[in-house]
2 protein chains.
Amino acid sequence: MQPTSPLPPLRLSVPGPSGRADAAVTLSTVARLVASGAAVSKADLVAAAGLARTTVSTAVDELLARGVLRPDGARPTTGRGRPADRLAMSARGGHVLLADVGARGAHLAVVDLSQRVLAHEHIDIDVQDGPDAVLAAVEDALTALRGRARHPGDGDPAVRAVVIGLPGPVDGNLGIPVRPPIMPGWHAYPVSARLQRTFDCPAVLENDVNLRALGEARALPADQVPLLFVKVGTGIGGGLVSREGVLHHGADGAAGDIGHVRVRGGPDTACVCGNVGCIEAVASAGAIARRLAAEPHQLGVATIADVRALIARGDPDALGVVREAAGVIGELVATLVHFYNPARVTLGGSLTAASDELLAGVRSVVYQRALPLATRNLVLTNSVLGEYAGLAGAAVLGIERVLSPPGMDALTAPRP
Amino acid sequence: MQPTSPLPPLRLSVPGPSGRADAAVTLSTVARLVASGAAVSKADLVAAAGLARTTVSTAVDELLARGVLRPDGARPTTGRGRPADRLAMSARGGHVLLADVGARGAHLAVVDLSQRVLAHEHIDIDVQDGPDAVLAAVEDALTALRGRARHPGDGDPAVRAVVIGLPGPVDGNLGIPVRPPIMPGWHAYPVSARLQRTFDCPAVLENDVNLRALGEARALPADQVPLLFVKVGTGIGGGLVSREGVLHHGADGAAGDIGHVRVRGGPDTACVCGNVGCIEAVASAGAIARRLAAEPHQLGVATIADVRALIARGDPDALGVVREAAGVIGELVATLVHFYNPARVTLGGSLTAASDELLAGVRSVVYQRALPLATRNLVLTNSVLGEYAGLAGAAVLGIERVLSPPGMDALTAPRP
DNA sequence: TATTTTTCCGTCGATATCGGACCGTGATGC
DNA sequence: GCATCACGGTCCGATATCGACGGAAAAATA
């Protein structure tokens, strides 16, 4: 019965480097709780961080001395007891620069560590122009935006971090795009290194859909994770936020790249990737536009904006094609819901902003196909942040980067 | 340009409860490193845990005093310098009971905290008999097995944990099955509570495929995660191990439940779940058996063992049907590889043990369909642990449970 | 054989964080 | 005026961790 041992040596998981609870971690914890708005007083911090009052007190003192936090004088009475001394992120904490670059344009913003949007704008770019031209335009615009972002009396806050999202696969560790299909000339271009040199601060590179997924997840209650974000635009992409609220990148940073999944319906449709039947070739906004322009519709649409106009007008042909696409996307979403069992699926991209047709179509398929266990508590909606979801995710990454123990050290007020 | 703020308040992630690096965490870290075989001396522990020698030393002393560790006298010379005083898990650390219950049988085992398999056996059960009968049989067999597992001179080690895997969706927190399709009468039955009472120790309930996935992941090098395990047997199921090496359960513990995903091919095939075109109804071992028994083959197969025999004999009809199923499964795997981007996909279940037909078929489709970025480093193989993968996963869960800070407290030698 | 080198391990004091106890402060209600 | 409630500052003891020093055991070298 017990001839030889059937089990090989198994690795057991070991909790972190364990090390001592470094003071830097405590500082970071306190700073992030204030920055996220989860705590505005020391009493809040004690409750939220689970630390002793004295520990919180010393941490806050340190952060006040460094100029990261500032007292926020107002003491609104809550009715009973002594009102709390309020805390806020100091304006001297510095700026975080954000760029959410799409295929044809980029959303830019300057935020401070308390998530205030100091300035933002949209610029027209074309990623086809290559990294040099696009990044130069982004850098110039960000620099100009920063000039406009200065509040009177705040001095000249330093740039603490830059975050950029690009519409293609990236290697976040190396800070480079990895063979992005729609971005010729960007492969292995040192995006992070360039931005880091330009602004003399840490730079973070992330995929654009991942940024949207993260933004959505962090704008929602904490029970809305795991979250699956599906963007339907010129292409189709996905982003995954795990139960812990962090992005899932997969082994090669390629997770969520669902545009070239094979789907039922239109098995003969050729795709730019060389295969046939990819969902992107069948159900993306681009595919819908092409289909409406061809037989038997011939509606004379060329751009996605035309498609949106048709849908808004309630054109039956267009709605029919969208419904069909929604069915295809819905089946994929149903599969992924089975597999990943998210708490929430969020639809984004140009097509979802136009109307609710896509959402309705996806919903009907998912709730019909997926098993009750996985859909009982599932929330399936359109993006709540819309076109700003990417900036929101970038803000999260940037602020967390600045307020993390490694970046935290550099965080000292220029002049007390 | 900056009309109103486009961003709502965003939650920032906060590192754990932060609290001080509790001594219990250090103890747990050291114990797990020894238990996993990653360290056999204090010097190893210093390197592996990243702690100071003195910290490791006091932790080891404490664990020796508690009877968790024991000195392992032999000091094999490594060629230079003073040989290390070797450490091992004490036999007095206690036993962990494992049960991997399938539809028609159960693998049982008794292991100690150093992963030694003290005894194991396979018993015949039928989950259709209901929880009372099955769990009574499992409990009896485990008790008997434990009797045989006593090493001479080890005294009577206590049972520290019980782990059970069941072939259906479970709620690990509540310790109950959740509407399992093939286990009538098991819904909401308090499995964990019953085992906890029977053996007077913590009980862990997990899905059987998840156990296999975890076992595989922990038996492989640490760079083989994220890992996707796909079991093809009577049904089809999946298990996910994240990059951190832990199981992904999803929002409702339903993650990996991919048996009822819709696939291309055989869209009219009805499934027990009420839908049509489910992969389980098209490509599972059960579906293959049914297909071979019907037109146009009529091979007179009834069980999965018959199918395996046909495949082993190289029957062309059977191989054709298996190839077809492999294609269907391969397309699903390709989709999931795009989506989750695992470092490794492992195939398991009765069909993969019979021959390499399934693996070959899946591989050809995945490498044809999936994009290079996601498959460049992908390893796609059969299970390395075979039928014992579930027990391996159970051992990991059980030992980690015992060696975690909460369970650690109970870990004290009965007599010094 | 004596010495050096190498590696492992124990002891001690220094540091710094953590958490409890105590007290002061600012508001409300009786 | 007094009690109550809640926030916050300060002191001090507990203790986890670390660094430095020195001792121990084996092999290499002179």
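Scanning the range A:78-116 for residues that are in a strand (DSSP E or B), aliphatic (A, V, I, L, M) and surrounded by 20 or more Cβ atoms within 10 Å (Cβ to Cβ) gives A:87, A:89, A:96, A:97, A:98, A:99, A:101, A:106, A:108, A:109, A:110, A:111. One residue stands out in the range A:134-147 among those that are touching a residue at least 24 places away in the same chain (Cβ under 8 Å) and within 20 Å of residue A:399 (Cα to Cα): the one that is surrounded by the most Cβ atoms within 10 Å (Cβ to Cβ), namely A:142.
For the residues B:137, B:133, B:188, B:144, the requirement of being assigned to a helix (DSSP H, G or I), closer than 30 Å to residue A:374 by Cβ and modelled with pLDDT of 95 or more singles out B:133. Among the residues of the range B:48-72, those that are within 12 Å of another protein chain (Cβ to nearest Cβ) and within 29 Å of the chain's Cα centre (by Cα) comprise B:48, B:49, B:50. Test residue B:212 against the criterion of being open to solvent by 20 Å² or more (accessible area, probe 1.4 Å) and under 23 Å from residue B:330 (Cβ atoms), and give yes or no. Yes: the conditions hold for residue B:212. Against the numbered list (1) assigned by TED's automatic domain parsing to the domain that holds residue A:36; (2) within 26 Å of the chain's Cα centre (by Cα); (3) among the basic types (Lys, Arg), residue A:116 comes up short only at (1).
Looking at A:341, A:275, just one residue is in contact (Cβ under 8 Å) with a residue 12 or more places away in the chain, within 11 Å of chain B (Cβ to nearest Cβ) and open to solvent by 10 Å² or more (accessible area, probe 1.4 Å), and that residue is A:275.
Number of residues in the range B:81-133 that are under 21 Å from residue B:42 (Cβ atoms) and more than 14 Å from chain A (Cβ to nearest Cβ): the value is 10. Residues in the range B:239-272 that are facing chain A (nearest Cβ under 8 Å) and of a type in the set (Ser, Thr, Tyr): B:242 alone. Taken over the range B:147-198, residues that are in contact with a helix residue (DSSP H, G or I) (Cβ under 9 Å, 6 or more places away or on another chain) and among the charged types (D, E, K, R) amount to 4.
Quick grid of which residues meet (1) within 22 Å of the chain's Cα centre (by Cα); (2) more than 14 Å from chain B (Cβ to nearest Cβ); (3) open to solvent by 10 Å² or more (accessible area, probe 1.4 Å); (4) closer than 20 Å to residue B:8 by Cα:
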| residue | (1), (2), (3), (4) |
| --- | --- |
| A:360 | no, yes, yes, no |
| A:363 | no, yes, yes, no |
| A:367 | no, no, yes, no |
| A:376 | no, no, yes, no |
| A:381 | yes, yes, yes, yes |
| A:389 | yes, no, no, yes |
| A:396 | yes, no, no, yes |
| A:399 | yes, no, no, yes |
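Can you name the residue in the range B:22-33 that is touching a residue at least 60 places away in the same chain (Cβ under 8 Å) and surrounded by 22 or more Cβ atoms within 10 Å (Cβ to Cβ) and is also nearest to DNA strand D (Cβ to nearest atom) among such residues? Checked the range B:22-33; the qualifying residue nearest to DNA strand D (Cβ to nearest atom) is B:27.
Filtering the range B:36-59 to residues that are open to solvent by less than 20 Å² (accessible area, probe 1.4 Å) and near DNA strand C (Cβ under 9 Å from one of its atoms) leaves B:41, B:45, B:56. Checking A:99, A:119, A:88 one by one, the residue that is within 16 Å of DNA strand D (Cβ to nearest atom) and touching a residue at least 12 places away in the same chain (Cβ under 8 Å) is A:88 and no other. The residues on offer are B:150, B:179, and the sole one that is in contact with a His (Cβ under 7 Å, 6 or more places away or on another chain) and open to solvent by 40 Å² or more (accessible area, probe 1.4 Å) is B:179. Candidates are the residues of the range A:1-37 that are part of a loop (DSSP other than H, G, I, E, B) and more than 7 Å from chain B (Cβ to nearest Cβ); the one that is modelled with the lowest pLDDT is A:3.
Only a single item in (1) modelled with pLDDT of 95 or more; (2) outside any strand (DSSP E or B); (3) away from chain B (no Cβ under 14 Å) is not met by residue A:152, and it is number (1).
Here is a yes/no grid of residues against (1) outside the structural domain of residue A:374 (by TED's automatic domain parsing); (2) more than 19 Å from residue A:350 (Cα to Cα); (3) in a strand (DSSP E or B):
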{"residue": "A:193", "(1), (2), (3)": "yes, yes, no"}
{"residue": "A:201", "(1), (2), (3)": "yes, yes, no"}
{"residue": "A:216", "(1), (2), (3)": "yes, no, no"}
{"residue": "A:234", "(1), (2), (3)": "no, no, no"}
{"residue": "A:302", "(1), (2), (3)": "no, no, no"}
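The values are calculated or read from the model by the stated rules, or taken from the named source; none is laboratory data. Here the structure is a predicted model, which means the values were calculated and not measured. Please note: Cβ atoms are built from the backbone with ideal geometry, for glycine as well, and neighbour counts cover all protein chains shown. For the accessible areas, the whole protein counts, side chains as well, though only heavy atoms, and no ligand, DNA or RNA atoms are used. Shrake-Rupley method; radii C 1.70, N 1.55, O 1.52, S 1.80 Å.
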